[in-house]
Amino acid sequence: MKKLLILLFSMLVSLSSYGETYVCATNCFEASMKVEDYCQNMIQLVYERKGGKFVAENEHGEIVEYEHIAENERFLTMVRAGTASILGFTWTAIINKDTLEFTDFQGSLGNTYDAKGNPNDTFFYNRNRQGNCIVLD
């Protein structure tokens, strides 16, 4: 009986820590760039489920936590939104679980400021990438 309880407990622990990882590859396009500056570099993004959230490692090795997850049997949508001292931003990634195609897009809007703290120029940044993923269990 004791061995059975230990086995059941270890199974529950392993199931509760279950998480899939999506490794996605893409070419990138940045909307703020000129067409002739199209980015030809292959980009790899890793999205890993940790508890009820997804954590991603971007192409610069930075770790990004997606706070909002919407998911069903076919699609996984991850969203991160926030503000910093000079801008507001949103990052979104959508994965089609059937085809393993994905899109990743980011947008931000902000201002530069003078020495007195008055807003100068407005700037924006938009990026949309798409590609394919594999799933690691």
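Numerical summary
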item	result
Residue in segment 119-130 that is within 17 Å of the chain's Cα centre (by Cα), free of Cβ contacts under 8 Å to residues at least 40 places away in the same chain and under 24 Å from G19 (Cβ atoms) present	no
Pair list, Cβ under 9 Å, 6 or more apart: segment 83-103 residue touching a residue at least 12 places away in the same chain (Cβ under 8 Å), other residue not in a strand (DSSP E or B)	N96/R74; K97/N72; K97/E73; K97/R74; D98/E73; D98/R74
Any hit, segment 37-60, residues being within 17 Å of N126 (Cβ to Cβ), exposed (fewer than 12 other Cβ atoms within 10 Å of the Cβ) and either at pLDDT below 90 or among the polar types (S, T, N, Q) (or both)	yes
Which numbered condition K34 misses (of (1) under 22 Å from F124 (Cα atoms); (2) basic (K, R); (3) at pLDDT 95 or above)	(3)
Criterion violated by T26 - all others in (1) modelled with pLDDT of 90 or more; (2) closer than 15 Å to C133 by Cα; (3) among the β-branched types (V, I, T); (4) not in a loop (DSSP other than H, G, I, E, B) satisfied	(1)
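The values are calculated or read from the model by the stated rules, or taken from the named source; none is laboratory data. Owing to the predicted nature of the structure, the values given are computational and were not obtained by experimental measurement. Ideal geometry is used to build each Cβ from the backbone, glycine not excepted, and the neighbour counts take in all protein chains shown.
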